[in-house]
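What follows is a single structure, written as structure tokens, with notes after it.
Computed from the coordinates by the stated procedures, all read-outs in this text should not be read as laboratory data. Keep in mind it's a predicted model, so treat the numbers as computed, not measured. Using ideal geometry, Cβ is built from the backbone for each residue, glycine included, and neighbour counts are taken over all protein chains shown.
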Amino acid sequence: MIIRKLFKFENAHIVRDCSTQRCSKNIHGHSYKIEVLLESNYLDHGQMVYDFGLTKLYMKELIDAFDHAITLWSKDDPQYIKDMKKHSTRWVELPVSPSAEQFSRVIFLMVERVLACTDMQNGEREVKLHSIIVHETETGYAQGFKEDAHSESMGTIALEDIHFSEQVMSEWSDPKLWEKLLKNRVVKNPQMV
């Protein structure tokens, strides 16, 4: 069975080296819609694949890191990166260009790590990330799967190369969340009462 949770954020970026000058040479923004598709052949004690309320914890916080932020490519012009960080307290720096395709891969890896590090508390079994769909516009989206997220031919993405601004991390329920996930430390879902 597959379940889907929709998240939204507003984000600005430049997609260097793409075909259109509007995108490759100008800061611009999108109203993103992110679909997280989870799958399992089992149901938990509440007869759910995964309680939607649980997605509002660490998954939502990581995806929300991009909201009202500028996303930077670490290989962009160093002066541009420095200036953007100087004039914005909310930024995310990625080791890949922030296209919809790369966003789907990055978010896939982040959510996959959250699931791998989560201590399930309500009988959830074999919950896997099926795919991530990134709607950049009303008419266009990219859908990334596990093989895409881990593809070297599309550009290796090491989670350690994803950096969040201090402002972004300070807004999480646990400001050390990213550090814990990078170290594969267990994060617990709430105990059911």
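Pick from the stretch 68-95 the residues that are surrounded by fewer than 16 Cβ atoms within 10 Å (Cβ to Cβ) and in contact with a Phe, Trp or Tyr (Cβ under 9 Å, 6 or more places away or on another chain): which of them is farthest from Ser173 (Cα to Cα)? Among those residues, the one meeting the criterion is Lys85. Given the condition assigned to a helix (DSSP H, G or I) and not charged (D, E, K, R), answer yes or no: does some residue in the stretch 119-131 qualify? For the stretch 119-131, residues assigned to a helix (DSSP H, G or I) and not charged (D, E, K, R): absent.
If you go through the stretch 140-170 and keep only what is in a loop (DSSP other than H, G, I, E, B), surrounded by 11 or more Cβ atoms within 10 Å (Cβ to Cβ) and in contact (Cβ under 8 Å) with a residue 60 or more places away in the chain, you end up with Gly155, Thr156, Ile157, Ile162, Ser165.
Considering the stretch 6-45 alone, what residues qualify as being farther than 21 Å from Thr71 by Cβ and either surrounded by 13 or more Cβ atoms within 10 Å (Cβ to Cβ) or within 18 Å of the chain's Cα centre (by Cα) (or both)? If you could, list the steps in order and put the result at the bottom.
Pass one, the stretch 6-45, residues farther than 21 Å from Thr71 by Cβ: 37-45.
Scanning the stretch 6-45 gives Leu37, Leu38, Glu39, Ser40, Leu43, Asp44.
Within the stretch 120-151, the residues that satisfy the criterion of being within 17 Å of the chain's Cα centre (by Cα), closer than 18 Å to Ile3 by Cβ and of a type in the set (D, E, K, R) are Lys128, Lys146.
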